[in-house]
1. So what is the calculated 222 nm ellipticity per residue for the protein assembly as shown, using -39500 (n - 2.57) for each DSSP H run with n of 4 or more, over all residues, to the nearest 500 deg cm²/dmol?
2. How many times 2.2 N^0.38 Å is the alpha carbon radius of gyration of region B:157-256?
3. Nearest 20 debye, what's the magnitude of the dipole of chain A about its Cα centre given +1 on Lys and Arg Cβ and -1 on Asp and Glu Cβ?
4. Using a simple spin-label model with points 7 Å from Cα along the Cα→Cβ vector, what separation in nm is obtained for A:Glu303 and A:Thr173?
5. So which GluC sites (Glu not before Pro) in region B:283-323 are both in a DSSP loop and have at most 11 other Cβ atoms within 10 Å of their Cβ?
6. Given a Förster radius of 56 Å and the C-beta distance between B:Glu240 and B:Asp29 as r, what FRET efficiency does 1/(1 + (r/R0)^6) yield to the nearest 0.05?
7. Report the net charge of residues surrounding A:Arg247, where surrounding means a beta-carbon distance below 11 angstrom and charges are Lys +1, Arg +1, Asp -1, Glu -1.
8. Among the chymotrypsin sites (Phe, Trp or Tyr not before Pro) within region A:297-345, which fall in a DSSP loop and have no more than 10 other Cβ atoms within 10 Å of their own Cβ?
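Laboratory data are not the source of any read-out in this text; all were calculated from the coordinates shown. Since the model is a prediction, treat every value here as computed from it, not as a measurement. Neighbour counts run over all protein chains shown; Cβ positions are idealised from the backbone, glycine included.
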Amino acid sequence: MRRVVGSNYATSHAVMRARVEVIAAYPITPQTQMVEHIAKFINDGIMDCEYINVESEHSAISAVIASQAAGVRSFTSTASQGLALMHELLFSAGGLRLPIVMGVVNRSVGSTGGIWVEYNDSMPQRDCGWLQMYVETNQEVHDMILQAYKIAEDKRVLLPIMICSDGFILSHTVEPVELAEQEEVDGFLPKYEARHSYLDPKDPIASGIVTPREYRQEFAYQIHRAMLEAKDVIGEVNRDFADKFGRDHSGLIETEFVEDAEVILLTLGTVTSTARGVVRELRKKGKKAGLVKVRAFRPYPAERIAEVCKDARAVGVYDRSVSFGVGGPHYLEVRNALFDSDVPVIDFIGGLGGRDVAEADVRSMYDVLLEAAKTGKAKRNIEWVNTRGVVLG
Amino acid sequence: MKEIILHGRGGQGAVLAAQALASAAVFEDKYAMAFPHFGAERRGAPVAAFARIAEGRILTKAHIYKPDYVIVLDPWLAGLVDVAKGMEGHEGTSGGVPMGSVKTDICQGLNKKGAAVLNTARPPDEVRLSLEVCVGTVDATTIALETLGHPATNSCMLGAFAKTTEEVSIGSIEKGIMDVFGERLGEGIAERNVKAAKLGFERTEVGMCSGGREFPAQKKWLPDVDELPPGCAIRSQDTEYGKLGPGSTVQNETGSWRTFHPIVDDEKCTYCMLCWFHCPDGCIGRVPDKESVSVDYFYCKGCGICSEVCPVDAITMVREVEG
Ligand code: SF4
Ligand code: SF4
């Protein structure tokens, strides 16, 4: 069914269709509607699910860790400060290898306070053992919630996953979304069967215990390996989804005009859409500009990025977060991916605290890249876009 | 550089002793370091502490694998965990080895020119270890009970160490104890510990032990990355390494932790079950036909709470003797 909805609704609908049986979430702007929609589905009797009311995000994630450990497909969602409050439990979910799905509606973490999009809530969580995927449209968030369960529950992965969507730009913007029917989803996503870490009084396990030094390192290696395997799984699940639903989100990354591109900009989230327009416009003017939409941040598709960027003469990275004194977190990933290339790699930090990233801003990024491609070197590696008192390029 | 491992039980003060030993060495213008096992410690459970002494700065921050000296604060410990092997042995369990029987090798890894300093009432020539090495022996538990009133043998064993190894003088040990124990426990207690150290020094007998004792190899579950279950979720199972997962703590013979054990006088016992209620390890059982209680000595750790709470003084705490 095609309807005009915001991403919070699209997410909630997908959660219902995934036959999630336990939800625990605490409302926080801009995620609040998600909590409300799901509560309404349950109240209306169209969703058979246990809704656990909690007093904080810390309790929300604790509750879904427990329910998922009891072998039940679970969901939670949050944003900003709420995700920060979940932080210590994120390690538990990852470490216990529980395929929980979380909808993160990105919002800056204060201070300074704000309710608008920035990735300084989710990106600092990159080392907790969670997969992280960033989406561009409300359709994509809907589709990725469905795919997320299939990716996370794959026995090669068994890790929790965050589907990150830009606060307000997606959550509070309505767009047409093809909302999946139950039979379609049932044909794609099988019932969850816990294979491990399954709390069953008849067959007890010791889980989440203190791990002496003799075990912890092998245990960490397993998570690392699962994260690497997830790269294949994300691609496979995408193809399976595309076959069944006719919508292909192209897995780890999606590219536009990269084949002969001299300059390539790597984006995450909704800025991608704006950049698509700019890159098409540049192509019309004969500029060899390309675009890569990076969908997975954990695991980071370093090999794919290296492959796609191998013939480029300048590579730009869009960052909606800062690792102070260093640069953007995304930039660091790209530098790592391109470690043996001598192509200039330039970070574009912008859109912090929900500041708009307009076509002019994206154009200015491409201008800097085209200049660097000409000279063969970057004037500066870290650029701040549309920042008063800071000159770009 | 000399490396020393101290083996004790939670509460015997192995860590404090290691620090006092380091302090003693520094009073002699040497360089020294002391560190604990970095583990969760419980009163009575096997613990280890480490010290290094050298003429100049010590660079290594790694564990000690080949000690020059081992100091064993507890008379039973050598029989229950692999004290000389140190680190790994500490995390093992006794696997039901009867208390006091020496089954593991405290000499493993021990530098042959080194020495073992043992808390035992036996003279050196009655001690048998896997290697023929220099040993210093002293009945430190008796000295600790005499001077301190409880079996914290750490200070006494430092005196024994000074006598056996001559690495530091007893005078420096006294200063080290005043420095470290004084800071932590107050001057009065530090002074009593200095007295225990002096008595330890005086009463230590140094000699050679006999060697050739055999020890069974201990197997430890060390799964590789493919064998370890995801999420470390371990099902209850019996393996060649003992039990794993839920229920595996039944193997923990906490009874080996005792210095004293409770003896119940059936005549005095009124069957009020107050001791049953208070025992932290659930070691008290009912004996209905005698209208009295029994103690499970496999797990009873000798804390003495039952004896404290018994309203009719039917429980006496009796000192363990070396088997
Ligand atoms: S001494 Fe008494 S109270 Fe303590 S563990 Fe033994 S039986 Fe229980
Ligand atoms: S507390 Fe004393 S009297 Fe009461 S049951 Fe125990 S031993 Fe007997």
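1. Dividing the helical sum by the residues of the protein assembly as shown leaves -10500 deg cm²/dmol.
2. Against the compact-globule rule of thumb, the ratio is 1.79.
3. 880
4. 3.4
5. The qualifying sites are B:Glu291.
6. 0.65
7. Here the charged neighbours net out to -4.
8. Hits after loop and neighbour filter: A:Phe324, A:Phe339.
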